[in-house]
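Please treat every number below as a calculation from the coordinates, not as lab data. Since the structure is predicted, the reported quantities are computational estimates derived from the model, not experimental observations. Glycine also receives a Cβ, built like all others from the backbone with ideal geometry; neighbour counts cover every protein chain displayed.
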Amino acid sequence: MKYGEQEINAFDIDAKEHYWPNQHKKNYIINIELPEFMCRCPRSGYPDFATIKLSYTPSQSVIELKALKLYINTFIDRHISHENSANEIYDTLYTRLDPKWMKLTADFNPRGNVHTIIEIESDRQ
């Protein structure tokens, strides 16, 4: 197993070092785009590719970008639907970050003449 695969397999999104204190009390939005998301279709096993867009207004903490990248990469060999992967990512990050506001968009590449975009957004505080 190569070092990158080992790092992804051992990754723990709950580790405290992945979250940093938000040093700014004003409202601001962090926009992050992850254009290489991959998971596998739970029925066929074919790969599904997507661009994940995360926007959030932090409260007490922000996520370290390398940690976010590794977390997204943990889906690479998982058999999970578009809807379930988007909701799991949203729920995990929303729970860990407890942001003032958050939106996640999962824009899946077309496959079999179907293009899926999943958007999940919290209420603004």
Sum of side-chain charges, Ser59 neighbourhood, beta-carbon under 11 Å (Lys, Arg +1; Asp, Glu -1): +1
Net length gained if the chain between His79 and Thr51 were fully extended (0.36 nm per residue, minus Cα distance): 8.3 nm
Neighbour net charge for Thr95 - beta-carbon separation under 15 angstrom, K R +1, D E -1: -2
Coil-residue trypsin sites (Lys or Arg not before Pro) of the range 7-97, DSSP, other Cβ within 10 Å capped at 15: Lys25, Lys26, Arg43, Arg78
Highest-fluctuation residue, His18, His115, His79 considered, GNM on the chain with Cα pairs under 10 Å: His115
Diffusion constant of the chain at 10 °C, which comes from Stokes-Einstein with the Kirkwood Cα-pair radius and 1.306 mPa s, µm²/s: 104
Of Lys66/Lys100; Lys2/Lys53; Lys25/Lys100; Lys16/Lys69; Lys16/Lys103, pairs whose Cα-Cα distance is over 20 Å: Lys66/Lys100; Lys2/Lys53; Lys16/Lys103
Stretchable slack from Arg96 to Asn109, in nm (0.36 nm times residue separation minus alpha-carbon distance): 1.9 nm
